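The values are calculated or read from the model by the stated rules, or taken from the named source; none is laboratory data. Please read these numbers as outputs of a predicted model, since none were measured by experiment. Cβ sites come from the backbone with ideal geometry, for glycine too, and all protein chains shown count toward neighbours. The protein model used for the area step is the full one, side chains on, heavy atoms only, and it has no ligands, DNA or RNA in it. Shrake-Rupley method; radii C 1.70, N 1.55, O 1.52, S 1.80 Å.
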Amino acid sequence: MTAKAALFVLLAAIGIAFCLFWYAHARDKASGRPTWIQLAIGALTDFFDTLGVGSFATTTSLFKLKGVVDDANIPGTLNVGHMVPTFAQAFIYIAVVKVEMSTLVLMIGAAVAGAWLGAGFVSSWPRRRIQIGMGVLLLVAAGISVARVTGSVPGGGNAIGLEGSRLAIGLAGNFMLGALMTLGIGLYAPCMILVSFLGMNDDTAFPIMMGSCAFLMPVASIRFVRSGRYDLRAALGLAIAGTPAVLIAAFIVKKLPLAAVKWLVVGVVVYTAVAMLRSAARDTDRQARNG
């Protein structure tokens, strides 16, 4: 069995195991079916996610704008709900994009370790701390998106793998990105910048970032499911509608002129970040008055 085949087998096993775990925990919860808004958010965000826009910041923005999910439950909902579509993305891009397997496996492992550490903290955080954390990091995500769209970040090359100090930097970076994902900050855009900065071919970012997310999201989601810190209906909406959207984007659409979409995402993300920080400030004022 080749290393790539072994990775696919492990990915499939983890995906099936988590789905069974999720079903066992969710089957007794009377949450009802996902609403059409929740399904539409899943389809839209995972469609553009497959094309490289990213789904966490856009989903957070839509959840906040429409009042779909309580702020405290957004990180868990993102990780649990986007997991199944991300598995589909990982299978597709690991299969079609050439990348050195040792680099891919080590980068995935670093992200998983970061997610396990991060989820242990975030799943027990109070609402206000999550609002502040997401607000600040969404502003960082917006800045990263601007850097990507304008091409102001140096780097890029033809390498399909890393070694030595570049590998060490890549592992440290992906570890931190895995931890931040548990707070609802997507790994895609910063991973693309990290890979480019280290001199790798831009295309190699797709199997690295999608493989990282596919392996780390079940690890993080176990803690969110056990603690109940996620919205079940919204997560189902993301999973049910997002998976076919991934297949449409990957096999039918394949590429779109996304510059305008990315600028729109930047604007929406900045608006959401400000809204999160304002909500945290209102909660602080309310606690001070009640105290």
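Some points to look at:
- Per the conditions (1) open to solvent by less than 50 Å² (accessible area, probe 1.4 Å); (2) touching a Pro at 6+ places or on another chain (Cβ under 9 Å), the sole criterion not satisfied by A40 is (2).
- Restricting P218, P244 to those that are under 15 Å from F91 (Cβ atoms) and at pLDDT 95 or above reduces the list to P244.
- R233 being at pLDDT below 85, open to solvent by 30 Å² or more (accessible area, probe 1.4 Å), closer than 29 Å to R27 by Cβ and over 14 Å from the mean Cα position of the chain (by Cα): no
- Of all the listed residues (V80, V53), the sole one being open to solvent by 10 Å² or more (accessible area, probe 1.4 Å) and within 18 Å of M181 (Cα to Cα) is V53.
- Subset of the stretch 181-202 [under 20 Å from D46 (Cβ atoms) and outside any loop (DSSP other than H, G, I, E, B)]: M181, Y188, A189, P190, C191, M192
- Condition met for T150 (open to solvent by 40 Å² or more (accessible area, probe 1.4 Å) and under 28 Å from G267 (Cβ atoms)): yes
- Residue list for the stretch 199-230, filter: open to solvent by less than 10 Å² (accessible area, probe 1.4 Å) and within 19 Å of R166 (Cβ to Cβ): M200, T204, A205, P207, I208, M209, G211, S212
- Residues satisfying the stated conditions in the stretch 65-77, i.e. open to solvent by 20 Å² or more (accessible area, probe 1.4 Å) and among the polar types (S, T, N, Q): N73
- Unmet criterion (only one of (1) under 20 Å from A250 (Cα atoms); (2) modelled with pLDDT of 90 or more; (3) open to solvent by 40 Å² or more (accessible area, probe 1.4 Å)) for I14: (1)
- Applying a threshold of 9 Å to beta carbon distances and a minimum spacing of six or more residues, or different chains, the list of pairs starting in the stretch 35-58 at a residue that is under 19 Å from A205 (Cβ atoms) and ending at one that is buried (at least 24 other Cβ atoms within 10 Å of the Cβ) and among the charged types (D, E, K, R) reads S55/D46; S55/D49; F56/D49; T58/D49.
- Residues in the stretch 91-112 that are small (G, A, S) and open to solvent by less than 20 Å² (accessible area, probe 1.4 Å) were compared, and the one that is farthest from the chain's Cα centre (by Cα) is A110.
- S124 being small (G, A, S), at pLDDT 90 or above and surrounded by fewer than 17 Cβ atoms within 10 Å (Cβ to Cβ): no
- Taking first residues from the stretch 203-218 that are without any contact (Cβ under 8 Å) to a residue 40 or more places away in the chain and partners that are polar (S, T, N, Q) and assigned to a helix (DSSP H, G or I), the Cβ contacts under 8 Å between residues at least 6 apart in sequence or on separate chains come to A205/S196.
- Residue in the stretch 164-182 that is within 27 Å of V270 (Cα to Cα), surrounded by 16 or more Cβ atoms within 10 Å (Cβ to Cβ), more than 14 Å from the chain's Cα centre (by Cα) and charged (D, E, K, R) present: no
- Residues being modelled with pLDDT under 85 and of a type outside the set (S, T, N, Q) - total across the stretch 27-48: 5
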